[in-house]
Amino acid sequence: MANYYRNAFYSPTTTDSIEVYVCPSNSRAIVQNIQIANETGSKILKVSITDSSTSTDVQIAYASITGPTTCNLANGPIILEESDSLNIETSNVSYISAVVSILEMNRNDQNG
């Protein structure tokens, strides 16, 4: 089993939920950090996971933030199973971005 550190970036162009990261079908992943940067204004952020085995969306974080500010929306490790996805939604797309830090454990020992 090979371990890979990944970053997934969020720079929205819509207020709809955006799929930021999808765990590969041959891997499991641990989300270690969801670092949000809000340069200005007030925004509401929602983070959810889509459980691929049940096609269910589960909201895991909610924050109302006013900029300038930086915050972490992962208050502990978040485990993603095969084909699960991490999604972020914002109430306003201007001057907001995020990086998600992920440890991916691949069963095939191939850099995927």
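Restricting 72, 38 to those that are in contact with a strand residue (DSSP E or B) (Cβ under 8 Å, 6 or more places away or on another chain), buried (at least 16 other Cβ atoms within 10 Å of the Cβ) and at pLDDT 95 or above reduces the list to 38. Give me a count of the residues in the stretch 7-23 that are more than 19 Å from residue 37 (Cβ to Cβ) and surrounded by fewer than 16 Cβ atoms within 10 Å (Cβ to Cβ). Counting residues in the stretch 7-23 that are more than 19 Å from residue 37 (Cβ to Cβ) and surrounded by fewer than 16 Cβ atoms within 10 Å (Cβ to Cβ) gives 2. Selection within the stretch 71-112: residues that are hydroxyl-bearing (Ser, Thr, Tyr) and out of contact with any Pro (no Cβ under 6 Å at 6 or more places or on another chain). The member of this set that is nearest to residue 26 (Cα to Cα) is 83.
Residues that are in a loop (DSSP other than H, G, I, E, B) and modelled with pLDDT under 95 within the stretch 1-19 comprise just one, 1. Of the residues 44, 36, the single one that is touching a residue at least 12 places away in the same chain (Cβ under 8 Å), among the aliphatic types (A, V, I, L, M) and either closer than 13 Å to residue 104 by Cα or out of contact with any Leu (no Cβ under 9 Å at 6 or more places or on another chain) (or both) is 44. Those strands (runs of 3 or more DSSP E) of the stretch 20-112 in which at least 2 residues are out of contact with any Phe, Trp or Tyr (no Cβ under 7 Å at 6 or more places or on another chain) and of a type in the set (Ser, Thr, Tyr), considering only elements entirely within it, cover 42-51, 56-66, 69-72. Taking the stretch 33-73 as the range and being hydrophobic (A, V, I, L, M, F, W, C) and within 16 Å of residue 90 (Cβ to Cβ) as the test, the residues that pass are 34, 36, 37, 44, 45, 47, 60, 61, 63, 65, 71, 73.
The values are calculated or read from the model by the stated rules, or taken from the named source; none is laboratory data. Because the structure is a prediction, the values reported are computed rather than measured. We place every Cβ from the backbone using ideal geometry, glycine too, and count neighbours over all the protein chains shown.
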